[in-house]
Each structure stands twice: as C-alpha cells, then as structure tokens.
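S.K.: Input: one structure, supplied below.
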Amino acid sequence: MWKIVFAVVLVVSTAQAAQQATAYDALVTVGNQFSHAALKHLISVTGTHGDPQPTQWTILITDRKAPGGVREIQVADGRIVSNQAASGHVTGSAEGATINTAQLNLDSDGAFTVANYTADRSH
C-alpha cells in the first residue's frame, strides 16, 4: 500500500515540477512577447520561493528609455505579467553589467538539482 502511495506522490510531484516554467522558459517568453533584442541587454533573472521552480520570474534588462536605465519584466504562467521601469531595487550602474546569454549552460532546473544534491550530501 505504501509503495503505491509513494509512487503516486512521486508521479504527481514530478508532473507538477514539469509544469513550472524555468528561467530559460521565462527568457523565451520575454523574447517572444517583448523583444528578442531585449535579451542582449539582460542584467539578471531572479525567482524566489520556488519548489523546485518559482511561479514568477523577474527579469532586468537595460533600457535607455526607462527611468534609471533599467526595465523590470515579470513573467508568470508563460506570459509577461508586468513590464515597468525597475523600482528602486537596482543599485549602481547597469553599464557593462549585461549577461551574454550565449554563454549560459545551466538552466534553473539543473541548478536546483545540483544545489539539492549538494545539500543532501552535506546533510
């Protein structure tokens, strides 16, 4: 009986994790719904309170037209839910702070797997 319950929980949690968008998915959404060129101005991608993936991603890009020169785009459920000038939580200059997305080689699901494995091994 317990084996069946464990198997059901494992399948449900795996299916749930597969439905949550990764950081890469959020970047694809920004490229498709906002601008592919914007990804060349990427400063950061953050998500909090995920298990294993956050339900909402915050993406910062440089934007000369935005006050302060930084635009904040929030992505949830495969769509942009907010697009505004960054609100006070950016300090310093964004000049030279962009991320070369061609050099990214690990998505947030892979980072979670590595961090979770390391935590388990470290007790």
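What follows draws every value from the coordinates through simple rules; no lab data is involved. All values derive from a computational prediction rather than experimental measurement. Don't worry about glycine lacking a Cβ; one is built from the backbone with ideal geometry, like all the others, and counts go over all protein chains shown.
S.K.: Order these peptides, 67-74, 22-29, 99-106, by their mean beta-carbon neighbour count within 10 angstrom, highest first.
M.R.: Those peptides, ordered most packed to least, come out 22-29, 67-74, 99-106.
S.K.: Could you tally the net charge around SER108, taking each other residue with its Cβ under 15 Å from the Cβ of SER108, Lys/Arg +1 and Asp/Glu -1? Please report the intermediate quantities before stating the final value.
M.R.: Numbers: positive: none; negative: ASP25, ASP51, ASP107, ASP109.
Every neighbour counted, the sum reads -4.
S.K.: Also: Please list 3J(HN,Hα) in residue order for the stretch 36-42, calculated via the Karplus relation 6.51 cos²θ - 1.76 cosθ + 1.60 where θ = phi - 60°; whole Hz, with x for glycine and proline.
M.R.: For the stretch 36-42, the Karplus curve yields 5, 5, 4, 5, 7, 10, 5 Hz.
S.K.: By the scheme Lys and Arg +1, Asp and Glu -1, what is the net charge of all other residues having a beta-carbon under 12 Å from that of ASP25? Don't skip to the answer; put the middle values down first.
M.R.: On the way: positive: ARG79; negative: ASP77, ASP107, ASP109.
Once positives and negatives cancel, what remains is -2.
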